[in-house]
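K.L.:
Okay, here's the structure, questions in a sec.
No lab work stands behind these numbers, since they all come straight from the coordinates. All values derive from a computational prediction rather than experimental measurement. Glycine gets a Cβ as well: all are built from the backbone with ideal geometry, and neighbour counts include every protein chain shown.
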Amino acid sequence: MQLIKLSATDSTNAYLKDLMFNNNFGDFTVVMAHTQLKGRGQMGTNWLSEPGKNLTFSVLVKSQDIKVSNQFLLNIYVSLAIYETLSQLHVPDLKIKWPNDIMSGHNKICGILIENILSGQHIQASIIGIGLNVNQLTFNNLPNVSSLKLLLGSSFNLEELLHNIVANLKSLIGKSREEEYKRLFEQYEARLFRKDKPSTFTDHNNEMFMGFIKGVSSGGQLKILMEDNIQKEFNLKEVRLLY
Ligand code: BTN
């Protein structure tokens with residue numbers, strides 16, 4: 001694994017994306033930043049992280065031969081790799097909030113932003129951005145956010161954690177074949193936040209509705225059992241889980 005350590009950059013995802021075309025970066029090249037000036041979150045949001053306290057890094061993955069139609073698998077690999085790393089540290093009540101937030105109880109501790117470079121029907125490369133709250137103790141009144149230090153009471157070595165996550169990711173991607181996909185989906189679904197619990201959502205018109213999370217489709221849509229007992233599938237922009 002090649003590790004590029006930056007003291008400051010706008011976003012490690014943007015850094016990798018800009019440089020990968022002109023540099024022959026190998027598979028699993030990692031860029032980590034002490035400070036991100038314009039950290040990016042999902043759906044155009046910002047990712048804020050206190051300089052030097054947390055992990056903000058991106059991994060370039062080129063080896064996997066994934067069809068665009070199966071791209072949700074990447075979310076599964078990454079979520080499971082982080083879940084595995086954190087469960088070894090005994091982080092309490094770990095769950096994966098669809099599509100790929102890592103939660104401890106009701107608090108988010110890690111966010112993931114995956115950007116794919118496509119070539120026809122295949123994914124040519126993926127930039128997997130990970131923001132894991134590690135040693136930060138205050139979050140400016142952001143609700144439902146936590147860190148490993150807040151949860152476990154001790155500080156963690158950032159690079160050691162990074163190596164564990166990347167090793168788990170490598171091993172999951174390395175041994176995964178099409179026949180394994182079903183098992184990975186099952187593992188992911190078993191760890192889903194609020195699975196089978198009565199939950200409140202809003203739809204794309206901001207209207208509230210009740211339902212039960214049942215799992216994800218092969219395309220990565222969230223399957224919700226609605227009050228009328230009909231199961232529907234939702235894309236990321238179509239639904240928001242409130243509680
Ligand atoms: C989210 O939950 O909204 C996703 C957050 C992803 C943040 C990470 S930090 C490292 C990488 N670089 C970025 O600009 N974003 C990702």
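K.L.:
Once the Cα atoms of region 90-214 are picked out, what are the Rg and Dmax in Å?
P.N.:
Answer for region 90-214, Rg first and Dmax second: 16.9, 48 Å.
K.L.:
Can you give the Rg and Dmax of region 66-136 based on its C-alpha atoms, in angstrom?
P.N.:
13.5, 42
K.L.:
Helix check for the chain. Which DSSP H runs span at least 18 Å along their own axis by Cα, with a mean Kyte-Doolittle hydropathy no less than 0.0?
P.N.:
Numbers: long enough: 72-88 (24 Å, 1.04); 158-175 (26 Å, 0.43).
Those that pass (Cα extent of 18 Å or more, hydropathy at least 0.0) are 72-88, 158-175.
K.L.:
Hey, if you put +1 on the Cβ of every Lys and Arg and -1 on every Asp and Glu Cβ in region 1-126, which of Gly120, Asn75, Gly39 ends up farthest toward the positive end of that dipole?
P.N.:
Positive-end residue among those listed: Gly39.
K.L.:
Only Cα pairs under 8 Å and at least 6 apart count here; give the relative contact order of region 16-147 as a rounded whole percent.
P.N.:
Worked out over region 16-147, it gives 26 percent.
K.L.:
For the pair Asn140/Glu159, report the inter-label distance in nm, with labels modelled 7 Å from Cα in the Cβ direction.
P.N.:
2.9
K.L.:
Let me ask something additional. Counting only DSSP beta bridges with both residues in region 1-111, what percent are antiparallel, rounded to the nearest 5? Write out the running numbers ahead of the final one.
P.N.:
Working: 12 of 18 bridges.
That works out to approximately 65 percent antiparallel.
K.L.:
I've got another one for you. Please give the net charge around Gly44, taking every other residue with its beta carbon less than 14 angstrom from that of Gly44, where Lys and Arg add +1 and Asp and Glu add -1.
P.N.:
Taking every other residue near Gly44 into account, the sum is +2.
K.L.:
Dipole magnitude of region 88-171 about its Cα centre, charges +1 at Lys/Arg Cβ and -1 at Asp/Glu Cβ only, in debye to the nearest 20?
P.N.:
My answer is approximately 140 debye.
K.L.:
Relative to the present Cα-Cα distance, how much length would full extension add between Glu178 and Ala8 at 0.36 nm per residue of separation?
P.N.:
57.3 nm
K.L.:
Could you give the C-alpha radius of gyration of region 146-194 expressed as a fraction of 2.2 N^0.38 Å, taking N as the number of residues it contains?
P.N.:
That ratio works out to 1.53.
K.L.:
Per DSSP H run of n ≥ 4, the term is -39500 (n - 2.57); total these for the chain, divide by its residue number, and report the mean residue ellipticity at 222 nm rounded to 500 deg cm²/dmol.
P.N.:
Working: 5 runs with 59 residues, N = 243.
When only DSSP H runs of four or more count, the value is -7500 deg cm²/dmol.
K.L.:
Sorted from largest down, give the three principal axis spans of the alpha carbons of region 170-213, whole angstrom values.
P.N.:
The principal-axis extents, from largest down, are 42, 21, 17 Å.
K.L.:
Sticking with this one: Among bridges DSSP assigns within the chain, what percent are antiparallel (round to 5)?
P.N.:
Values: 47 of 56 bridges.
Around 85 percent of the beta bridges assigned by DSSP in the chain are antiparallel ones.
K.L.:
Okay, moving on. Would you calculate the convex hull of the Cα atoms in the chain and tell me its volume per residue in Å³?
P.N.:
Cα-based convex hull of the chain, divided per residue, equals 130 Å³.
K.L.:
Determine the equivalent ellipsoid of region 32-167 by diagonalising the alpha-carbon gyration tensor, then write out the semi-axes as square roots of 5 times the eigenvalues, largest first, rounded to whole Å.
P.N.:
Value: 25, 16, 14 Å, ordered largest first.
K.L.:
Next question. Taking the Cα centre as origin and putting +1 on Lys and Arg beta-carbons and -1 on Asp and Glu beta-carbons, what dipole magnitude results for region 1-134, to the nearest 20 debye?
P.N.:
Computed charge dipole of region 1-134: roughly 140 debye.
K.L.:
Counting Lys and Arg as +1 and Asp and Glu as -1, each charge on the Cβ, what is the dipole of the chain about the Cα centre in debye, to the nearest 20?
P.N.:
180
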